[in-house]
1. Around I34, under 15 Å between beta carbons, what's the net of Lys plus Arg minus Asp minus Glu among the other residues?
2. For segment 92-209, rounded, prolate or oblate, judged on the Cα gyration tensor with a ≥ b ≥ c (square roots of eigenvalues), a/c < 1.5 rounded, else prolate if a/b > b/c?
3. With θ set to phi - 60°, apply the Karplus curve 6.51 cos²θ - 1.76 cosθ + 1.60 along segment 88-96 and write out the HN-Hα couplings as whole Hz, x wherever there is a Gly or Pro.
4. As a footprinting exposure proxy, order M198, M166, M79 by other Cβ within 10 Å, with the fewest listed first.
5. For segment 145-233, which trypsin sites (Lys or Arg not before Pro) are in a loop by DSSP, counting at most 13 other Cβ atoms within 10 Å?
6. What does the charge add up to near P109, with Lys and Arg as +1, Asp and Glu as -1, over the other residues with Cβ less than 12 Å from its Cβ?
7. Order these by the 10 Å Cβ neighbour count, fewest first: S39, S158, S80.
8. Quick one: compute the contact order of segment 92-209, relative version, from alpha carbon pairs under 8 angstrom and 6+ residues apart, as a percent.
Amino acid sequence: MSDRPPRSRSDGGDGPETPEPDARPSRPAGPGPIGGSLSELVFGLAERASIPSLTRRHDSTAVLGLFAFVNGVLSIALMSIAALVTGAPFIFPSLGPTAFLLFYTPTQPAASPRNTLGGHAIGAAAGYLSLVIFGLTENAAALVEGVGADRVGAAALSLGLTSGLMVWARVPHPPAGATTLIISLGILREPEDLLVLMLAVALLVVQAYVINHLAGIDYPRWSPRTTRAPSPS
């Protein structure tokens, strides 16, 4: 039997001690259980919405997967609504990886508005230029007419130009590689379609800015946040 005297109640009474409430979870300071910033995003949104149960489980893989599912559905749903209202094709395959990048690693340089818009713009321009060089602007998509040497050349040139130009312009954004292939393979080949593509990317960036800032994540307005390298000791 312990000789330690029983702890008194917090209100000064002699009854049994009242258990302390659960400690409030703190904002994640680093990558979550699957890396990236999803757990920080879920925590910030749950805290803003005053949902304690969700705040406590912000780093649960099940919760993170459910959030990624819902956010992905909403992201493409917004584009679908815009497509229905305007009659323009606002949904493109390369928007999928861009959406994931903007919410999974929003503070990485590749996810910044400058890199996202700049990368897709380079990809679109390089893809269309490749169609012009190989005389494919009036041809059907590769899925319809098949792949010949000219189509292979256009695809290779578009991806090479996109990769090099993104590096030279310091705006790397990996999903732009999909954008340039969508165009050089003839899936999109009309200039107005390219303008709609860029508008869709801009809408996705606006959504990322709003949701990340609601969650308290310092998503940049344009350029990536610069971090100073530690000075040598």
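1. Around I34, the surrounding residues sum to -1.
2. Because a/c hits 1.5 or more and a/b exceeds b/c, segment 92-209 counts as prolate.
3. Once θ is set to phi - 60°, the couplings for segment 88-96 become 9, x, 7, 10, 10, x, 6, 5, x Hz.
4. Lowest to highest Cβ neighbour count: M198, M79, M166.
5. R170, R221, R225, R228
6. Within the 12 Å Cβ shell, the charges total +3.
7. Least crowded to most crowded, the residues run S80, S39, S158.
8. 39
Computed from the coordinates by the stated procedures, all read-outs in this text should not be read as laboratory data. Note that the structure is a prediction, hence the values are computed from the model and not measured. Counting neighbours? That spans all protein chains shown, and the Cβs are built from the backbone with ideal geometry, glycine included.
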